[in-house]
Amino acid sequence: MTFIDWIAQPINWVFLAVGAAMLVSGLRVVTARNVVHAALYLMAALGASAALFVMLSAEFVALVVVLVYIGAVIVLFLFGIMITRAPTGFDTVLDTKAKRAPAAVVSVILFGVLSYGSLTAFGATEVASGGTGTDTSILAFSLLGRFVVPFEVVGFILLAALVGGITVARRDLTPLEEEERGSV
């Protein structure tokens, strides 16, 4: 397949748009000066990866990315940042020009190794779409049948960890602050 044949297919235009959005979001994750902005860019990059999974007819994987990574992990990051009152500004100790060049070289080498490995493993073979997407009945039966109790226990443990984190991070008011808050 030549590049002209590849670019003539409309699905490849969508792939290029989603891929460009993912690339820009991924770059902004590591270059953002604010931690909250970096988390939001990460959410956009994960959303683009979910869109790529939908394009590959892996709807269940896309849904898991949206629910688990965007819906839980990113919210947990933002919640942790807000609860701990972490500094969200630019930190000059972590960002020095001497560290940028080696990090860029390692990133380019890693990209080259992963690209070479992917091309060696798959070559120019096209992915055939199954048409119906992924079969999730086995997974659903496992989670909601035999493993429903451990699945729910893990949910309660995560809830307890979240409540414990709030309790530990909560700052008690001094009597003067309580009096000021009561008079307002």
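The table below lists the values:
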| quantity | calculated |
| --- | --- |
| Residue-span extension gain [LEU110 to VAL149] - 0.36 nm each, minus C-alpha spacing | 9.9 nm |
| Segment GLU59-THR167, length gained on full extension (0.36 nm per residue, minus Cα span) | 35.1 nm |
| FRET efficiency, ALA21 to ALA121 (Cβ-Cβ, R0 25 Å, nearest 0.05) | 0.45 |
| Burial order of peptide ranges 154-161, 22-29, 50-57 (average beta-carbon count within 10 Å, highest first) | 50-57, 22-29, 154-161 |
| Hydrodynamic radius by Kirkwood, which averages 1/r over all alpha carbon pairs of region 19-74, in angstrom | 11.2 Å |
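Rule-based calculations on the coordinates, nothing more; no lab input. All figures in this text were calculated on a predicted structure; none of them were measured in a lab. So basically every Cβ, Gly included, is an ideal-geometry build from the backbone, and we count neighbours across all protein chains shown.
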